[in-house]
1. Name the pairs whose Cβ atoms lie under 8 Å apart, with the first residue in region 57-74 and among the basic types (Lys, Arg), the second crowded, with 17+ Cβ neighbours inside 10 Å, and 6 or more positions between them or separate chains?
2. Give the residue, chosen from LEU71, LEU107, that is surrounded by 16 or more Cβ atoms within 10 Å (Cβ to Cβ), at pLDDT 95 or above and in contact with a strand residue (DSSP E or B) (Cβ under 6 Å, 6 or more places away or on another chain).
3. Condition check: in the same structural domain as ASP136 (by TED's automatic domain parsing), β-branched (Val, Ile, Thr) and either in contact (Cβ under 8 Å) with a residue 40 or more places away in the chain or not in a loop (DSSP other than H, G, I, E, B) (or both). Does THR4 satisfy that?
4. Out of the strands (runs of 3 or more DSSP E) lying entirely within region 45-145, which hold 2 or more residues that are in the same structural domain as THR4 (by TED's automatic domain parsing)?
5. Does region 85-97 hold any residues that are closer than 23 Å to LEU142 by Cα and free of Cβ contacts under 8 Å to residues at least 60 places away in the same chain, and which are they?
Amino acid sequence: MVSTHFTLVPGKGGAPFISPHLKQLRPFLGTGDFARGGVGHAMIDALQPADLSVEKVAFSAFYQTRLDWVLRRAGIETLVVGGIVTNGGVASTLRDAHVRDFHNIVLSDGCAAFSDAAHDSTITSLSTIAQVATCDDIISDLRAP
């Protein structure tokens, strides 16, 4: 399992570098949020341990990270993607994976957005580039002989 962690990089004085569009969308972000070891950065205990962790600075886990290189070195061709926010990081990562020729599966019940409408419309939109499955579907597939 590869976990990706949205990371706000601290600037001089500790205040994080936050892109203007993200400041507008998430005005509550501040010093220490999404910094290494900070609130929102750690993977939840139930999903530990990850085989690999990648820090990301934008919506897509591929943008300016080593993710593509690592996945290809590991021989991984299929990505099963879940997380938050469905219409943000999940969608951006899946679209980037699609143009990189990965086979994509999005977990319809393994993602969340700030509204059900945003989540549902994004899952529908992603169905053109990713297979839509539930967590139970994937677990059953993994257990099958």
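The values are calculated or read from the model by the stated rules, or taken from the named source; none is laboratory data. If you're wondering where the values come from, they're calculated on a predicted model, not measured in any experiment. Here the Cβ positions follow ideal geometry from the backbone for every residue, glycine too, while neighbour counts run over all protein chains shown.
1. ARG66/VAL54
2. Details: LEU71 fails: in contact with a strand residue (DSSP E or B) (Cβ under 6 Å, 6 or more places away or on another chain).
None of the other options fit; the residue is LEU107.
3. So THR4 fails the test.
4. Details: elements: 52-56, 78-84, 103-112, 131-133.
Once the strands (runs of 3 or more DSSP E) in region 45-145 are filtered for at least 2 residues that are in the same structural domain as THR4 (by TED's automatic domain parsing), what remains is 52-56.
5. Our first condition is that a residue be closer than 23 Å to LEU142 by Cα; within region 85-97, this holds for 90, 93-94, 97.
Once the filter is applied, which keeps residues that are closer than 23 Å to LEU142 by Cα and free of Cβ contacts under 8 Å to residues at least 60 places away in the same chain, region 85-97 yields VAL90, LEU94, ALA97.
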